[in-house]
Structures are given as C-alpha cells and as structure tokens.
1. How many of the residues in the range 660-679 are part of a loop (DSSP other than H, G, I, E, B) and either touching a strand residue (DSSP E or B) at 6+ places or on another chain (Cβ under 7 Å) or crowded, with 16+ Cβ neighbours inside 10 Å (or both)?
2. With (1) more than 25 Å from the chain's Cα centre (by Cα); (2) surrounded by 17 or more Cβ atoms within 10 Å (Cβ to Cβ) as the list, and residue 102 as the residue in question, which single condition is left unmet?
3. Can you tell me which residue within the range 557-574, out of those that are out of contact with any strand residue (DSSP E or B) (no Cβ under 6 Å at 6 or more places or on another chain) and at pLDDT 80 or above, is nearest to residue 626 (Cα to Cα)?
4. I'd like to verify a number: residues in the range 424-441 that are free of Cβ contacts under 8 Å to residues at least 12 places away in the same chain and part of a helix (DSSP H, G or I), how many?
5. Taking the range 642-656, which residues are in contact (Cβ under 8 Å) with a residue 40 or more places away in the chain and either part of a loop (DSSP other than H, G, I, E, B) or over 14 Å from residue 688 (Cβ atoms) (or both)?
6. For residue 651, state whether it is closer than 30 Å to residue 397 by Cβ and surrounded by 13 or more Cβ atoms within 10 Å (Cβ to Cβ).
7. Counting only residues that are in contact (Cβ under 8 Å) with a residue 24 or more places away in the chain and under 20 Å from residue 533 (Cβ atoms), give me the strands (runs of 3 or more DSSP E) lying completely in the range 584-640 with at least 3 of them.
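The values are calculated or read from the model by the stated rules, or taken from the named source; none is laboratory data. All values reported here derive from a predicted model rather than from experimental measurement. Ideal geometry is used to build each Cβ from the backbone, glycine not excepted, and the neighbour counts take in all protein chains shown.
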C-alpha cells in the first residue's frame, strides 16, 4: 500500500499530546465533557495500538502506545498545575501585605511600571509562584530598585486565572505569575540587598555590562546573554519588535546554536575525541539552560541539540522533524499550558518552518543560480517567516514587511556580537579586560541605529486581523512540504496552500473592515494600570486620556479590530506622553493628536518630532468634544458630548472629578477617572483602581477587577461585549 505521509513516531506523539491538552482545557467549560472526551480518546488509542500490533505494524503500535503514555502524564501534570496555581483565597475587601524579592522590573521612561516579585509571602505566609506589583504613581526610578532587592508592599490583591473557560493565560504561566497587587509608593518598602546564587551572578554580569557599554546597550547584551528583559527600555523592546528582530532579544535556538557551533568547532580543531566533545558540549548546554532561566525556547533548542549529539555518537542520521517533535512532546508533558504561550509557539513554529521548507527553498534558489552563501540564509529566513506568520498575525496583528531583508543583514552581525559577548564578558569579570567588551557595545549601538530607522520606513508594519482558525495553516504547511508525498499533485497542493494562506488572512479582514457594528456607539475603557485612557466609538474613533500604558491601549484596539484613530486627545503632552505617541503612530494611522495650549510642553512636542498631525485644541475643529477646567482654571480633562444632556467625562490621572464644575457633572452619567472618591454614587465609573477601593460602591464601577477588554453603551452602562 502506498504511503502518502512520511510519518515519524514522535510526530504522532506530538499530535496526540496536542489533542490531549485541548481536551483537558475543555474542563474550564465542562469537566464532565472533558473527562468523557479524554476517556474516548484513550480508548481510541488503545484500540489503534492493538490493531497495529495484530497487523505487525510495530512502529505504528509504538507510536500509539507513546500517545497513550503521553496522555496519562499530561493529565497528571495538568491536574497538578491547575489545583496548585492559586493557594490564597483572595477577598476583594481585604488589604494584603506581600513580601519577596524583585525578580524583574518593567520600566517606562525611567520610572517603574511594575515589579515581578519572587520568593513570595502573603501576610507572612510563604506561597508558590510570583506576584506582579503595579504602582499607582511614578516615584521609583533606576537608582531606587534593582533585581534582588527585598520588597514589602500593601494593597489590593487579585488572583490571576490560569484557565478561564477554554482560554489559557499562557504568558502568566510562563512567568509563574499567580497574583497581582495594586499599591501606591507610600505603601511599598524597598531594602537594598545583595542577590544570592544565580540572581547574584546575573547582577554582577549586568553591572559590568552597564559600566562598560552604558545602560542601554549593556541591557541589550545582558538580555541576549540571560533572556532577562527587565533592564531594557520599553522603547528598545518595541523598536526591535517593530523591525522584526524581537527574537534576537530572547534567548533561543539562535543563541544555543551559536554556542554549540563555536565550541564544537573549537573542540574539533583541538582534535578532542568525539565522545569527550559530546560530553563537554552537553554539560555546557545544561549550564546554559539553567543560566538562561530554562525558557521554553532554550529547552527546545537544548533537547534538539542533545538528540543531534546522540546521533553524532552512534552514527545515525539526525532527523529534524523527529527531534523537534521529541522536544515539543517532552516539554508539554511537564508544562502543558506552555502550548498557549506566544514565545513557545514562536520558537517551535520557526524550527517547524526550517524543517519543512528550508531545504526545498535552498534547492530552488541554487537552481536559479543564486550563490550558495546567499541562498542558504535566504531559504532559512523565508522558511522561518512563513512558519511564524500565523503566530505573529494572531498575537500581534502585524506583519513586518522588511523583516526578511533585515534578518539577512542584521542577524549574522548580532550573532557575532552575541558570541563576542559570551567570550568577552568573562574576560572583563575575571581579569578586568574591558576593551573588547567596549567594541561589543559599539556594535550594539550600530545595530540600534539601524533598528531605529526601519520602523519609520513606509509600510513597515502591515496590520492584519486573524482569528484562532489561522493555526489551521500548520497542517496545511505540512501537506505542502516534502513529508507529504504526492509528487504528481505537488504543484497543485502548493497553490492550494498559498490560496489558503491568503484566505486565512483576507477573509476575516474584509469581513471586519471598519468599525465593528456590535461596538458602534459604545465606550471601551483601557484596562491598564495608572492610566485613564478611554476609546469612544461612534462614526469615528476617539481616544482620550493620559496614554500612560501604551501596551494596554494597543491591546484594546487590536482586541476590537480598530485600526485607525480619528482623534487622540491627551490631557498633557510632556516628554513621556510624546514618546508613547511616537510609538503609537508607528502602529496606527492617527489623523489628529490634540492637546490644550496650557497642557503642551516643549519636551512633548520635541518627542513627537515632525508629526504633521498635531493640533492645539482651539485649532482642531472638533464639534462635540470640549476641554474641562476647574474653577481655578486648571485643565482637568475632556467632555465628550453625545447629546445636549448626555456626556462622558474623562479626567486626567492626577486630576479629580470632584473639582469639575457642577453644570458639567450634571450632564455626565459616565465618568472615567483614576479612582472613585465616595462621591456621586449614582454615576457609572470607569476606574483604574479596584471596585469599592474606598468603601462605598457607586451604581456601577468597571475597574481592574474586571478582567479583559469590554465595551458598554454610553447611556446606561449596559455591557455590550467582553473579550
């Protein structure tokens, strides 16, 4: 009988693992249904194994037995993770005291936005996992806190749901984030401490890199060495992401490959025996995996390298697809929720593309008489970008048009800088030999210059809308690869794959073009801490507020497929706001940026640069939006007038709605503010602080206690949609 698919045992195991995890996730909706489906799946696997055994298909029998073992182990891991994730029964009325050590820090223009704390205690009792502390004010700076410092903070504590319905919070799982705490700087105590163990070693490395290369470029080198992005400026991370080079900042297969290749070549030149060479490189891989925080991408690359090293010893030919599937299955057996984490998916999809298409593309490029030194990296780069497309389209909603060219030019240079960092950092630490490391810093500065230019090029980022169905492209990719053996129809299959790719993106994009009807004439509060941004939808899209949490605003817009901002009103245009707006303009078409004269600062205008769409409020020509001032003339925010009697009042982060004149308050049934102040409880409030933070409950309050993005009707606060 003719085989149409060149199957591997580990490929079947990986497919079975994926099916098992999706069945288990159904328990978030209906546990009985999930159990029934799992029992049915196990029954099918047992029956298939018996049938294969009776027919003498021993490899196929082994594959089904492997699936069965994987399902059992995954069930155990899944149950352990879900049952132990939240150990504290959190009460909304109670204030909690959290202690621990700063593990990583999120910065925004030199100020701390949030701190991830490990070694956590809650009210003096030790708990598992990490807590992310969000700060309500900007007082903690670079000189105030560093990773390893002891922290005690008090405030409102909320549990992070790992499984909400069928949706999994993969990012929280990867970071082991189980709770979030909201605190002001008055309720947080920081004690400088000398980090111990691995954290202490990392700290020493960062201090040396910062001293030699400067904070910005030292942070890039440190991030590439350790995978820790906590010291990176937000602007740096964003520029690399917009340029399609975000992957070089995450420790991944690229970095593992550079280390293994360099040391393998060195040991080969020294004529070290093959078995010793394998042992040395394996030990280095283990040390590096632990040092890099055991991220999914590093573990995946390390497992594949181990398999490759084993084939080197016993003389067998390495099979890339089997190695990839083995790493995939091994990781998910112990960490099943990583299947829903973007870093995990990016890592495996990139290698999946290399395995499926790189060799085929290289063959066609060589036939076209393209030199091998160009054909090889070009084939690999194109294969990777095709394969990661579903992940980037779904999670980020953009395609970087120059990323293939930029990866061809920059990644080899960055790989060299990374290798030099690996070699020169120990020399600088042990012997004080800093000069080579200074040249590494210069190299990162040159890279930063290029990365800073690319996002400003025309059509750098193309916005796309993709639903979960886009991941069906992966089996389609497999069908178009050499593993699917239909030589007579290969061209037809390839054309069909291309058509499917276009349809997967174009169909939902066309169907949802413009403002979705279901959210028209609604209001979307941006669910970001220390932010009073609001998106108002009618025939146009208006954004008004402080724009302090750009990531939250971007996520909100993408969640509702909003691609254009007609008017963006800022309460205060200073340097920090201007930097955020510059990043926003790179992603979205913004027709007008508007601010009042008294709230516009020179540094803010300088940060925006030569943007031709900035207007002072008196010149913008908007009919239904009005600035709001206190009786003393202080600018408080804006009033969006829906009718003569109904308005939405949005006051600034540092302002108070109780200072707004009564004639405006009387016409504002909905108030967007940082915190409800136990005044005027008959209104609907959109706040950044938790519900009932000061005791009394208003008629209704949408706050950070409401997870996810939501839209409500302006007139009565009725919920339209929650994502």
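1. Qualifying residue count, the range 660-679: 9.
2. Of everything listed in (1) more than 25 Å from the chain's Cα centre (by Cα); (2) surrounded by 17 or more Cβ atoms within 10 Å (Cβ to Cβ), residue 102 misses just condition (1).
3. 572
4. 5
5. Across the range 642-656, the qualifying residues are 642, 646, 648, 652, 653, 655.
6. No, not satisfied.
7. Ranges flagged: 589-595, 625-629.
Residues checked against (1) part of a helix (DSSP H, G or I); (2) farther than 24 Å from residue 198 by Cα; (3) without any contact (Cβ under 8 Å) to a residue 60 or more places away in the chain:
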position	(1), (2), (3)
61	yes, yes, yes
65	yes, yes, yes
70	yes, yes, no
75	yes, yes, yes
112	no, no, yes
119	no, no, yes
133	no, no, yes
